[in-house]
Amino acid sequence: MKELVARRADILLITLDTLRYDAAQSAWRQGRLSTLAPHLGSAGWEERHSPASFTYAAHHAFLAGFLPTPLGPGPHGRLFAAEFAGSSSTTAETFTFEQATLPEALAARGYHTVCIGGTGFFNQQNALSRVIPSLFAESHWRPELGVTDPQSPRHQVAQALACRDERPNFTLLNISAIHQPNRFYTNAEQDDLESHTAALVAVDQAFQELFEVRKPTFVILCSDHGTAYGEDGYHGHRLGHPVVWTVPYAHFCL
């Protein structure tokens, strides 16, 4: 990551809001992810643990350098990190910075920073939902980018493409489609794991144009948390169940 910033490569952080690891890996195994599959390698998604169980907390952790953690004993080296005395996960390859967050650090180094919002914590309709977007020079949210629009993946990708320019760009793209409600992706009466997975497939299809870039781009692709559909009596997220804490992760260069 340190070398990529020095080269002024574009950086694209895509958070697939609410996506479960089991659903993501199942869709990959079934060959339903035609756009993403070439970038996921022979094993598919990497299984990781999220630092938080809901969107607001997870994104603050991500932007400070605490991306989902690989399974198994650590410490695990981080891609980027705010400077912190005694950090055991900062390595020689880690991009470190004195600012509190990655968008602030990259802005100080000449990057244009963009936030394409999706779920409620990005809708800028109250003080709380303006906190994360305010970290960026440019931020966007409209109802058609949000959870209630079945075409939100295409609208969000179109917005991300419209924001590209010749400067080095850092873009946070918070994908809303997989978050509830997602039942319209299967015409079901209520959300379930099938409609959750169908939403991911719709997102994959929308990504085709996004990945046809003209300049080097480093992509970090992960979920912020999963969600429960009745497992052990649990529903939703912001709770400590394995289907919530376990998330899919990948990073690659375009």
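Here are the numbers for the structure shown:
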read-out: Residue that is touching a residue at least 40 places away in the same chain (Cβ under 8 Å), of a type in the set (A, V, I, L, M) and either at negative phi or crowded, with 23+ Cβ neighbours inside 10 Å (or both), where the choices are Ala43, Ala52; value: Ala52
read-out: Criterion violated by Pro143 - all others in (1) under 30 Å from Gln30 (Cβ atoms); (2) surrounded by fewer than 14 Cβ atoms within 10 Å (Cβ to Cβ); (3) not aromatic (Phe, Trp, Tyr) satisfied; value: (1)
read-out: Test: Ala177 is buried (at least 20 other Cβ atoms within 10 Å of the Cβ), touching a residue at least 12 places away in the same chain (Cβ under 8 Å) and not in a loop (DSSP other than H, G, I, E, B); value: no
read-out: Selected residue (only one of Ala177, Ala158, Ala162, Ala250 is touching a helix residue (DSSP H, G or I) at 6+ places or on another chain (Cβ under 6 Å) and either farther than 23 Å from Pro70 by Cβ or at pLDDT below 95 (or both)); value: Ala177
read-out: Hits in region 186-236 - residues which are part of a helix (DSSP H, G or I), of a type in the set (S, T, N, Q) and in contact with a strand residue (DSSP E or B) (Cβ under 9 Å, 6 or more places away or on another chain); value: none
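The rows are residues; the columns are (1) free of Cβ contacts under 8 Å to residues at least 24 places away in the same chain; (2) in a loop (DSSP other than H, G, I, E, B); (3) surrounded by 15 or more Cβ atoms within 10 Å (Cβ to Cβ).
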| residue | (1), (2), (3) |
| --- | --- |
| Ser89 | yes, yes, yes |
| Gln99 | yes, yes, yes |
| Gln125 | yes, yes, no |
| Ser139 | no, no, yes |
| Val157 | no, no, yes |
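The values are calculated or read from the model by the stated rules, or taken from the named source; none is laboratory data. These numbers were taken from a predicted model, which means no experiment stands behind them. Reconstructed Cβ throughout: ideal geometry from the backbone, glycine too, with neighbour counts over all protein chains shown.
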